[in-house]
Every structure is written in structure tokens, then in C-alpha cells.
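The next block holds one structure in the form of C-alpha cells; read it before the comments.
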Amino acid sequence: MLRTENLTIRFGGHVAVNGVTCSFQPGTLTAIVGPNGAGKTTYFNLISGQLKATEGRVWLGDSELTTQPASARTRAGLGRAFQLTNLFPHLSVVENVRLAVQAIHEGRHRHGLNLWSIWSDHKALQQRAEEILAGVALDARRDDPVASLPHGDQRKLEVALLMALAPQVYMFDEPTAGMSHDEAPVILDLIRKLKQDKSKTILLVEHKMDVVRELADRIIVLHNGTLVADGEPAEVIASPVVQQAYLGVANVMPGSEVNA
């Protein structure tokens with residue numbers, strides 16, 4: 001279980017995230033929504049370690065991560081995808097995935113130098129990288145440099161890197177941002193597959209309400225950095241406080257969007 005307790009960050013006199021206490025259970029996809037400046041991505045940054053909290057705590061199971069840097073949180077089991085891809089553009093597709101597999105393996109399974117273990121580990125890690133590429137339908141482009149991939153394939157590769165980290169928690173920040181109408185369903189299908197593993201927790205910042213309605217088991221709403229609603233999608237979307245606070249409409253129509 002991932003949880004935040006009174007999580008707060010101030011930038012000067014501005015409180016960007018204000019005392020957010022929330023728990024996220026395995027087997028659940030939680031969508032985090034709200035208007036521009038609501039604090040969604042900032043909340044993500046506090047959880048994953050890109051920002052240091054002014055107050056509050058972050059826990060993953062029995063481990064407190066509050067003072068840990070982002071790299072340590074990744075090794076602990078937090079996997080984060082960003083709005084912009086974070087890839088090695090001049091390396092091949094398979095090399096990107098293999099590096100991610102190797103990095104998390106070495107971080108979690110440090111052992112003394114041994115020629116046999118190095119060889120066997122290399123073989124196993126290479127096989128794992130190939131399996132992940134097949135899982136995101138990029139095996140046909142395994143040897144292509146990442147810089148040559150279209151945007152949609154780069155987003156698929158970013159999901160592959162997350163899978164390589166084998167996290168307990170998947171964090172997606174607008175995973176379909178910048179993607180065409182034809183490209184977006186591929187990423188959403190990958191997230192649906194990840195949902196099938198009920199041991200994993202998934203957090204999703206997304207402004208497309210049709211996507212939220214389809215994928216989310218739960219919605220939490222941030223407004224001016226404060227948690228203002230939390231519950232099942234139909235209940236939250238229909239609540240007057242949500243519609244009045246940031247949707248600005250009497251009813252939410254299918255396909256309507258909440259600005260991110």
C-alpha cells in the first residue's frame with residue numbers, strides 16, 4: 001500500500017499541495033484529476049521524490065520514503081512515467097530496455113563479482129528485455145535507434161522501461177499527452193494489461209474524462225492543492241462540489257475533459 005500523510009509543499013507563500021492524506025491499494029487504478037494549477041503533477045513529484053515535501057510523509061508498505069531521493073524510491077518499488085519521454089535517443093530500443101532491467105537488478109540484487117553469475121545474469125536480463133519488448137509490441141523495432149521512433153512508439157517504450165523496473169506502483173502522468181487519436185489506444189491497452197496484475201497499484205493523472213471513466217476504479221480530485229473529493233468514478237464525477245469547483249458545467253458529457 002502506498003500512502004501519503006499530510007503531504008504539503010510550499011513555494012514561498014504559495015501552498016501547491018496542502019495536507020493531502022490518501023492511501024492507494026494494490027489492484028486499484030486511481031485517477032487524479034483537477035483543473036490547471038490544482039497540484040496533480042506536484043503531488044506526483046512529491047510521491048516519486050522529484051520534490052521534497054515541506055511537511056508530511058510518504059510510505060510504501062512499512063517503509064517510509066519521505067527523506068529518500070527519487071533513485072531510492074525507484075528501487076523501493078515506485079515506477080514513474082513523465083509527460084515527456086525520458087529515453088536515451090541514440091541507443092537502440094532494446095538497449096534502453098536492457099539498461100533499465102540491469103539497473104533495477106543491480107540495485108535490488110547486489111552480490112560479489114563472479115564470472116558465472118555475471119554471464120548467467122546477462123543472459124537472463126537480455127531475455128527479460130526481449131520479453132518486455134514483445135509485451136509492448138516493439139520487438140520488430142528492437143534494433144532501431146530511439147530517435148527514429150515516432151512519438152507513439154516512444155511512449156510505448158517508456159511504458160516498457162516502467163515494466164522493466166518491475167515496480168509495485170505504476171505512476172502515469174498524462175500518458176497519452178501529445179499522441180494522435182490513433183496512437184493513444186495503444187498506451188491505454190498497455191495500462192489495461194497492467195491492471196490485470198492485482199498485486200500492483202496504478203496512479204494516473206489524466207485530463208480526458210472518457211479515459212478516466214473507462215480505466216479508473218477510483219477518482220481523487222485536487223483543487224488548489226487540497227483533496228476535495230475521493231470515491232468511485234460515477235459518484236465523484238456526479239458530485240456537485242466537483243462539477244462546480246472545476247468542471248464548470250451542470251453535467252459531464254462523455255468525452256468531456258478536465259484541463260490538466
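The conditions of being within 15 Å of the chain's Cα centre (by Cα), touching a residue at least 40 places away in the same chain (Cβ under 8 Å) and either under 20 Å from residue 218 (Cβ atoms) or assigned to a strand (DSSP E or B) (or both) are not met by residue 74. Residue by residue through region 190-217, note down the ones that are closer than 20 Å to residue 44 by Cβ, surrounded by fewer than 18 Cβ atoms within 10 Å (Cβ to Cβ) and of a type in the set (Lys, Arg). Within region 190-217, 195 is the sole residue that qualifies. Look through region 170-189, keep the residues that are within 22 Å of residue 25 (Cα to Cα) and out of contact with any Gly (no Cβ under 6 Å at 6 or more places or on another chain), and return whichever of them is surrounded by the fewest Cβ atoms within 10 Å (Cβ to Cβ). Here the answer is 189.
Restricted to region 57-108, and to residues there that are aromatic (Phe, Trp, Tyr) and touching a strand residue (DSSP E or B) at 6+ places or on another chain (Cβ under 6 Å), the residue that is modelled with the highest pLDDT is 59. It is to be established whether one or more residues within region 213-220 are in contact with a helix residue (DSSP H, G or I) (Cβ under 7 Å, 6 or more places away or on another chain), in contact (Cβ under 8 Å) with a residue 12 or more places away in the chain and assigned to a helix (DSSP H, G or I). Yes; the residues of region 213-220 include at least one that is in contact with a helix residue (DSSP H, G or I) (Cβ under 7 Å, 6 or more places away or on another chain), in contact (Cβ under 8 Å) with a residue 12 or more places away in the chain and assigned to a helix (DSSP H, G or I). Looking at region 67-74, can you tell me whether even one residue there is hydrophobic (A, V, I, L, M, F, W, C), under 30 Å from residue 132 (Cβ atoms) and not assigned by TED's automatic domain parsing to the domain that holds residue 143? For region 67-74, residues hydrophobic (A, V, I, L, M, F, W, C), under 30 Å from residue 132 (Cβ atoms) and not assigned by TED's automatic domain parsing to the domain that holds residue 143: present.
The values are calculated or read from the model by the stated rules, or taken from the named source; none is laboratory data. Not measured: the values here are computed from a predicted model. Note: ideal-geometry Cβ built from the backbone for every residue, glycine included; neighbour counts use all protein chains shown.
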